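Trainee: Sharing a structure with you now.
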Amino acid sequence: MDDEIKVVICPRCGNEVTSSHSEYCKICGLRLYNYCTGEFISDPNGNHPDYVEYHKNDSDARFCEKCGMPTTFFQEGLLRNWQDAKNLIESNEA
């Protein structure tokens, strides 16, 4: 990851050639930031306008630390669910 939480190697295709201003992988089209899937923002009356806020997350985040919604990398299947990842680590340590 770089200083702005952008992955420097595409987790889908392995492409390492990205520019500093790129938002998406030029090979497979994956977004290079692990955003959450979005949090609806309510007005003071509790109404949900058509405004959704998206948060940037670390590349290993399955859920957003700000709103708890799933991340795009998790939904794309780039990250295992945490139980499977934990079991894999434990089986490799044995």
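The values are calculated or read from the model by the stated rules, or taken from the named source; none is laboratory data. Computed from a predicted structure; not experimentally measured. Here Cβ is always computed from backbone atoms with ideal geometry, including for glycine, and neighbour counts include all displayed protein chains.
Trainee: For the range 16-30, which residues satisfy the criterion of being assigned to a loop (DSSP other than H, G, I, E, B) and surrounded by fewer than 16 Cβ atoms within 10 Å (Cβ to Cβ)? Can you show your working first?
Mentor: Applying the first criterion (assigned to a loop (DSSP other than H, G, I, E, B)) to the range 16-30 yields 16-23, 25-30.
Within the range 16-30, GLU16, VAL17, SER19, SER20, HIS21, SER22, GLU23, LYS26, ILE27, CYS28, GLY29 meet the criteria.
Trainee: If a residue has to be at pLDDT 90 or above and out of contact with any Gly (no Cβ under 6 Å at 6 or more places or on another chain) to count, how many in the range 39-56 make the cut? Outline the logic, then answer.
Mentor: The initial filter retains those residues of the range 39-56 that are at pLDDT 90 or above, namely 54-56.
Subset that is out of contact with any Gly (no Cβ under 6 Å at 6 or more places or on another chain): 55-56.
Residues meeting the conditions: 2.
Trainee: Identify all residues within the range 61-79 that are surrounded by fewer than 15 Cβ atoms within 10 Å (Cβ to Cβ) and within 12 Å of PRO11 (Cβ to Cβ); write none if there are none.
Mentor: Result: GLU76, GLY77.
Trainee: I want to confirm something. Restricting to the range 57-87 and keeping residues that are outside any loop (DSSP other than H, G, I, E, B) and at pLDDT below 95, which single residue is nearest to the chain's Cα centre (by Cα)?
Mentor: Going through the range 57-87, the residues outside any loop (DSSP other than H, G, I, E, B) turn out to be 57, 63, 70-75, 82-87.
Filter once more, keeping what is at pLDDT below 95: 82-87.
Values: TRP82: 14, GLN83: 18, ASP84: 18, ALA85: 16, LYS86: 19, ASN87: 22 Å.
That would be TRP82.
Trainee: For the range 31-54, does any single residue satisfy the condition of being surrounded by fewer than 18 Cβ atoms within 10 Å (Cβ to Cβ) and in contact (Cβ under 8 Å) with a residue 60 or more places away in the chain?
Mentor: no
Trainee: With respect to ILE9, is the statement that it is without any contact (Cβ under 8 Å) to a residue 12 or more places away in the chain, surrounded by fewer than 16 Cβ atoms within 10 Å (Cβ to Cβ) and not in a loop (DSSP other than H, G, I, E, B) true?
Mentor: Working: without any contact (Cβ under 8 Å) to a residue 12 or more places away in the chain: yes; surrounded by fewer than 16 Cβ atoms within 10 Å (Cβ to Cβ): yes; not in a loop (DSSP other than H, G, I, E, B): no.
Judged against the criteria, ILE9 is not a match.
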